[in-house]
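Take a look at the structure below.
Bear in mind these aren't lab numbers, they're just calculated from the coordinates by the rules spelled out. Quick caveat, the model's predicted, so the values are computed rather than measured. Cβ: placed from backbone, ideal geometry, glycine included. Neighbour counts: every protein chain shown.
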Amino acid sequence: MTIAPRIHSDVAQHVAFAGELARWIERAGVTDADAIGDLAVGFADILNASANASRVLEELIALDPNESAGADAALTKLGYLHALFITEIKAHAEDLERRWDTLEDAWQHERRTMSKKTTRITTAA
């Protein structure tokens, strides 16, 4: 199966991806709507923020921090990077950490259920 690469900094693709993740998490057996939202938005927002951070870091290293204009622009970019890494990504990573067991427990439960169904089908045949 070939999967087309996503542009995680694109808002429309970002929102669509979060929706796809939410549907997958629900299919994996998570029933708590808040947990589904935290997980889906957490994964998607981290990728979105990382894509934006990558672009800004590339712009940052193109600046000359020893020139006044470059130093000013670098300071602005560093402020934005702080918001991305320390506020956005860190907060979502904490949400993922808090909800991780919910996802793993639901997935393991679904796998056990699938295994029992397979055993019943095989035994009946």
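Numerical summary
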read-out: Value of [θ]222 nm, deg cm²/dmol, for the chain, DSSP H segments ≥ 4, -39500 (n - 2.57) each, nearest 500; value: -27000 deg cm²/dmol
read-out: Residue-wise HN-Hα coupling along the stretch 19-35, computed from phi with Karplus coefficients 6.51, -1.76, 1.60 (Hz; x: Gly, Pro); value: x, 4, 4, 4, 5, 5, 4, 5, 5, 6, x, 6, 9, 6, 4, 5, 5
read-out: For the chain, alpha-carbon Rg relative to the globular expectation (2.2 N^0.38 Å, N residues); value: 1.49
read-out: L63 long-range amide H proximity, modeled H, under 5 Å; value: none
read-out: The stretch 1-108 - percent relative contact order, Cα under 8 Å, separation 6 or more; value: 34 percent
read-out: Exposure proxy ranking, count of Cβ atoms within 10 Å, fewest first, for R27, R6; value: R27, R6
read-out: Residues V11, V30, V41, sorted so that the one with the fewest Cβ neighbours within 10 Å comes first; value: V11, V41, V30
